[in-house]
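Below is one structure, written out as structure tokens, with a few remarks after it.
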Amino acid sequence: MIKGYAGRILRVDLAAQSFAFEPLDEETARLYIGGKGYGTRLLYDLTEPGIDPLGPANPLIFATGPLNGSVAPQSNRFAVVCKSPLTGGIGNATCGGSYAYGMKRAGIDFLIVNGRSERPVRIEVAGDQDEVRFIDAADLWGKGSYETQRILGKKMSHAVIGPAGENMVLYAGIVSNERIAARTGVGAVMGSKRLKAISVSGSRKLEMDDPESFKKYTKEVRELFSKHPVLGSSMKRYGTGAIVNTANGRNIIPTRNFKYGHFPDAMKLSGEYMEDHELVGVKSSCLHCPVTCGREVEVEGIGRVKGPEYETLALMGSNLEIPDLKRVNEWNYQADDLGMDTISLGASLSFAMELQERGMLDAGIQFGDPAGVSELIDDIAHRRGLGDDLADGTKRMSEKFGGQEFAMHVKGLELSAYDPRGSFAQGVEYATTNRGGCHVQGGSMYMESVGPLTINPQNLKLKADIPVLMQNTACAINSMVLCIFTSYGMFPAAIHAMSPNSLPYKIMTTLFENSGPMMRLAMGMKGRPMLWWEKWLTYITGQTFSSGHLQEIGARIFNLERMYNLREGLSGADDTLPQRMLNESIFPHMKSGHPLGELLPRYYRNRGWDSNGVPTKKTLARLQVRV
């Protein structure tokens with residue numbers, strides 16, 4: 001078996017309360033690495049078209065990669081793959097915490113959960129004994145994710161759901177420690193199986209092809225990260241809340257249900273404000289990560305808890321026009337404990353507020369006023385009253401109450417916190433990303449709007465090229481499984497130090513903007529490992545990985561996801577943006593919104609897809625995508 005893998009898949013049948021270990025397929029590992037890539041291959045092969053996402057036939061796949069179980073910074077995340085109940089297409093999410101490390105220590109690469117239990121159940125996997133126990137979880141049912149983990153104790157690593165998952169809120173997530181695999185409703189699928197928690201333990205060690213080189217190089221990377229202007233400075237000091245002021249300055253922070261891109265009181269939600277007024281105690285991180293992007297804040301009546309990330313600050317703050325960091329801290333903790341995605345939650349709340357404003361719904365909440373929000377969040381998690389409608393997300397709400405033109409989702413997944421009218425490549429990425437309106441399946445906005453070397457975000461140059469590069473990269477990263485923030489280190493300190501008004505900076509951005517042909521050529525070149533994740537993969541597995549190799553693997557994964565979506569009834573017609581994004585301008589010089597109609601055909605050509613957004617037979621054959 002190729003190094004870096006435990007070499008085993010664990011299959012669990014909840015209905016029969018049975019389990020079986022089977023060997024990992026080495027060829028699939030070579031083609032898809034692990035994580036969401038291998039997980040998508042399993043989902044495609046194990047399911048028939050058209051299954052009910054909340055039915056017993058939808059497998060819930062917990063996936064690790066060859067870097068998990070190592071001490072590589074930002075490497076201990078797990079992926080969850082299933083059919084999404086929110087979109088009806090590919091569903092996946094990743095999470096930090098300790099669970100991925102626990103799975104690898106238990107000697108498991110993938111855990112496939114099939115069927116549905118008759119009553120609430122939890123699973124304990126003792127990897128050293130190859131023992132799987134099915135334990136009644138009636139005593140845990142109804143409890144929050146934090147209390148559940150406290151009761152389960154610290155001897156094992158846990159992945160749990162809260163009441164939102166139990167009640168199948170379509171954007172419920174799965175929690176490990178204080179982190180959450182939030183998006184696409186993976187927690188609802190776990191709840192539909194009446195599975196409250198999975199606990200894993202073991203003492204197996206990760207085998208590497210070249211452990212000495214790995215150890216030496218990892219030390220160098222830790223030093224690099226510690227001195228990096230983002231990973232070792234701004235993110236360590238302010239967390240992802242550092243993005244608030246940047247996004248606000250670029251007019252791309254969601255405000256009033258994405259009606260505007262600027263919020264006058266954004267500073268009160270920023271990482272800088274959090275440091276001065278709300279930060280208490282230590283800063284937190286996932287296992288073996290030196291970045292410590294997690295904040296610790298005080299919530300009245302609860303105590304010290306993990307603070308909100310940028311997406312939560314924007315979607316639950318500026319997008320509701322509520323510049324109250326104490327309230328956002330409270331809602332962030334509430335959502336995490338209930339087990340809900342704060343992006344979809346914030347978007348659903350803002351949509352309800354606009355419906356209220358237009359007289360289309362008596363929602364009991366309004367922009368700029370925190371009254372009633374906490375109670376409604378709790379109602380959503382328990383599907384009480386109006387909360388039952390909000391629990392289904394903005395797409396289904398708009399189909400019931402109207403307002404489809406300002407329902408901020410793509411393919412049913414609510415948009416993350418970057419307005420694509422001020423970031424054209426990000427708009428193309430939103431429209432085409434297989435799981436819907438998501439930024440961590442690419443991150444084009446970092447290349448054009450919020451990173452250290454940004455090009456004009458509102459011309460058409462590179463706007464159909466960057467999404468392909470970033471989506472492929474993210475597919476590979478999410479299959480290792482690494483944190484997407486590892487890509488923030490790609491720009492060296494010298495670029496961060498440049499003044500945007502300097503001549504060298506202007507020359508670099510001009511060259512970058514005109515690098516389309518070179519970028520497309522470079523994506524296919526396979527050479528020596530350059531970046532840290534390429535070297536880690538090479539040292540661990542013994543196989544050579546370069547940027548070209550990973551672009552090919554990422555494209556393979558992305559195209560398989562696309563074929564899954566097409567199989568499940570999604571099409572090129574779903575590669576669009578909300579009407580507000582296409583028709584309304586947030587800049588004085590723009591006559592309309594995002595120019596997706598001009599960019600989408602270019603993107604399809606770059607992908608090797610036909611004019612309807614279907615991968616050609618030639619593309620599938622080149623990438624070895626079996627369908």
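The values are calculated or read from the model by the stated rules, or taken from the named source; none is laboratory data. Owing to the predicted nature of the structure, the values given are computational and were not obtained by experimental measurement. So basically every Cβ, Gly included, is an ideal-geometry build from the backbone, and we count neighbours across all protein chains shown.
Key figures
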{"read-out": "Segment 380-404: number of residues that are of a type outside the set (Ser, Thr, Tyr), assigned to a helix (DSSP H, G or I) and within 25 Å of the chain's Cα centre (by Cα)", "value": "12"}
{"read-out": "Residues of segment 582-619 satisfying the condition of being crowded, with 19+ Cβ neighbours inside 10 Å and either outside the structural domain of Ala555 (by TED's automatic domain parsing) or in a loop (DSSP other than H, G, I, E, B) (or both)", "value": "Ile586, Gly593, His594, Gly613"}
{"read-out": "Residues satisfying the stated conditions in segment 442-454, i.e. buried (at least 24 other Cβ atoms within 10 Å of the Cβ) and part of a loop (DSSP other than H, G, I, E, B)", "value": "Gly442, Gly443"}
{"read-out": "Matching option when the condition is farther than 30 Å from Lys395 by Cβ, under 22 Å from the mean Cα position of the chain (by Cα) and small (Gly, Ala, Ser), among Gly548, Gly489", "value": "Gly489"}
{"read-out": "Filter result for Ile9 (within 20 Å of Cys286 (Cβ to Cβ) and more than 19 Å from the chain's Cα centre (by Cα))", "value": "no"}
{"read-out": "Residues of segment 256-287 satisfying the condition of being surrounded by fewer than 20 Cβ atoms within 10 Å (Cβ to Cβ) and among the aromatic types (Phe, Trp, Tyr)", "value": "Tyr260"}
{"read-out": "Per-region count, segment 499-519, residues in contact with a helix residue (DSSP H, G or I) (Cβ under 7 Å, 6 or more places away or on another chain) and either modelled with pLDDT under 90 or part of a helix (DSSP H, G or I) (or both)", "value": "1"}
{"read-out": "Selected residue (only one of Arg194, Arg179, Arg204 is buried (at least 20 other Cβ atoms within 10 Å of the Cβ) and not hydrophobic (A, V, I, L, M, F, W, C))", "value": "Arg179"}
{"read-out": "Residue count for segment 295-335, restricted to those that are outside any helix (DSSP H, G or I) and under 24 Å from Leu415 (Cβ atoms)", "value": "11"}
{"read-out": "Close pairs from segment 464-481: first touching a residue at least 24 places away in the same chain (Cβ under 8 Å), partner among the basic types (Lys, Arg) and crowded, with 24+ Cβ neighbours inside 10 Å, Cβ under 8 Å, at least 6 apart", "value": "Cys475/Lys36; Asn478/Lys36; Ser479/Lys36; Val481/Lys36; Val481/Arg77"}
{"read-out": "Complete set of residues in segment 58-80 that are out of contact with any Ser or Thr (no Cβ under 6 Å at 6 or more places or on another chain) and either without any contact (Cβ under 8 Å) to a residue 40 or more places away in the chain or assigned to a strand (DSSP E or B) (or both)", "value": "Leu60, Ile61, Phe62, Ala63, Val80"}
{"read-out": "Entirely in segment 171-285, the strands (runs of 3 or more DSSP E) that have 1 or more residues that are in the same structural domain as Ser70 (by TED's automatic domain parsing), touching a Pro at 6+ places or on another chain (Cβ under 7 Å) and among the polar types (S, T, N, Q)", "value": "none"}
{"read-out": "Flag for Gly96 being at pLDDT below 95, closer than 20 Å to Ile484 by Cα, outside the structural domain of Asn565 (by TED's automatic domain parsing) and under 14 Å from the mean Cα position of the chain (by Cα)", "value": "yes"}
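Yes/no per residue for (1) crowded, with 24+ Cβ neighbours inside 10 Å; (2) touching a Ser or Thr at 6+ places or on another chain (Cβ under 8 Å); (3) closer than 30 Å to Lys83 by Cβ:
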| position | (1), (2), (3) |
| --- | --- |
| Gly422 | yes, yes, no |
| Ala425 | yes, yes, yes |
| Glu429 | yes, yes, yes |
| Thr432 | yes, no, yes |
| Val468 | yes, no, yes |
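Residue by residue, here is whether (1) part of a helix (DSSP H, G or I); (2) among the aromatic types (Phe, Trp, Tyr); (3) at pLDDT 95 or above holds:
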{"residue": "Leu521", "(1), (2), (3)": "yes, no, no"}
{"residue": "Lys535", "(1), (2), (3)": "yes, no, yes"}
{"residue": "Glu552", "(1), (2), (3)": "yes, no, yes"}
{"residue": "Phe558", "(1), (2), (3)": "yes, yes, yes"}
{"residue": "Glu561", "(1), (2), (3)": "yes, no, yes"}
{"residue": "Arg580", "(1), (2), (3)": "yes, no, yes"}
